[in-house]
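Participant: Handing you this structure, nothing more for now.
Computed from the coordinates by the stated procedures, all read-outs in this text should not be read as laboratory data. Quick caveat, the model's predicted, so the values are computed rather than measured. Heads up, the Cβs are rebuilt from the backbone with ideal geometry, glycines too, and the neighbour counts pull from every protein chain shown.
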Amino acid sequence: MAKTALVIGGSKGIGQATVEKFLQAGYKVGFSYNSTIPEFHKQYPTDSVFASPCNVTQEEQIKSFLKEFKEFSANQIDVFVYNTGITIDNLTVSTSTEDYDKVMDTNLRGAWIYLREVGHLMFFRRRGRMFFVSSVSASRGGRGQLSYAASKAGLEALVRVGAQEFSRVGVLVNGIAPGIIETDMTKNIMSYLKDNQKNDALFDRIAMRRVGQPLEVANLIHALSQDEITYMTGQTIHIDGGYML
């Protein structure tokens, strides 16, 4: 029976690259999106891909989404990826409580609910891989990024605790912390670097002297999902071109 992967936030960027990577590797894949269903998945067989909207700030929507996916996958989840996330950047003194809560609910609270629900399934199957996409901002937050950086730092703590609770039965829980990846979320940074012809202190921090691509992150997640990786858990792996050196 084909293995299954579930990607939360799989409609574009890193999420889309991850969905397509696993589909091309022969997995049955499910993914969530916010409101508009993406077109890319239509090129794959309908019995190989499941797509449905899910607002991760709504617990009942999460449970309903998981129920539908488990019907599609015959109650099987081999690889789980929590990729969804938002940022509402503003200086701390100018950030509203509403915006702070929205970031925390999406980036951290939703991840916790999925850890609980998917972890429960994997626990009794006594196998599985769970990945939570963090960010280098968790370790090096910038001005105006308090809610985003705090949510991602919390996500890395969630990974460590999740590993303690689930790894004893063979469920490995790890984090992935990308640096500057070319996605919709970073389009303002991409525009800034282009306008400055890459002659900027931010770009100089990256040892490889380039930004990353979504497929490079997807390749790492796929590689760490393989059966040969059996003794890594509770870690957050940076994939940042040397940004954190």
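Participant: Please list, ordered by first then second residue, the pairs with beta carbon atoms under 7 Å, 6 or more apart or interchain, first in region 216-228 and on the phi < 0 side of the Ramachandran plot, second in a helix (DSSP H, G or I) and basic (Lys, Arg).
Facilitator: Ala218/Lys21; Asn219/Lys21; His222/Lys21
Participant: Determine, yes or no, whether Gly10 is assigned to a helix (DSSP H, G or I) and in contact with a Phe, Trp or Tyr (Cβ under 7 Å, 6 or more places away or on another chain). Steps first, answer last, please.
Facilitator: Working: assigned to a helix (DSSP H, G or I): no; in contact with a Phe, Trp or Tyr (Cβ under 7 Å, 6 or more places away or on another chain): yes.
Criteria not met by Gly10.
Participant: Looking only at region 88-107, which residues are touching a helix residue (DSSP H, G or I) at 6+ places or on another chain (Cβ under 8 Å) and surrounded by fewer than 20 Cβ atoms within 10 Å (Cβ to Cβ)?
Facilitator: Ile88, Asp89, Asn90, Thr92, Thr95, Asp99, Tyr100, Met104
Participant: Still on this model: Residue check: is Thr95 in contact with a Ser or Thr (Cβ under 7 Å, 6 or more places away or on another chain) and either among the basic types (Lys, Arg) or closer than 22 Å to Glu156 by Cα (or both)?
Facilitator: Numbers: in contact with a Ser or Thr (Cβ under 7 Å, 6 or more places away or on another chain): yes; either among the basic types (Lys, Arg) or closer than 22 Å to Glu156 by Cα (or both): no.
So Thr95 fails the test.
Participant: Test Val118 against the stated conditions and say whether it is among the β-branched types (Val, Ile, Thr) and either touching a His at 6+ places or on another chain (Cβ under 9 Å) or in contact (Cβ under 8 Å) with a residue 12 or more places away in the chain (or both).
Facilitator: Numbers: among the β-branched types (Val, Ile, Thr): yes; either touching a His at 6+ places or on another chain (Cβ under 9 Å) or in contact (Cβ under 8 Å) with a residue 12 or more places away in the chain (or both): yes.
Taking the combined requirement at face value, the residue satisfies it.
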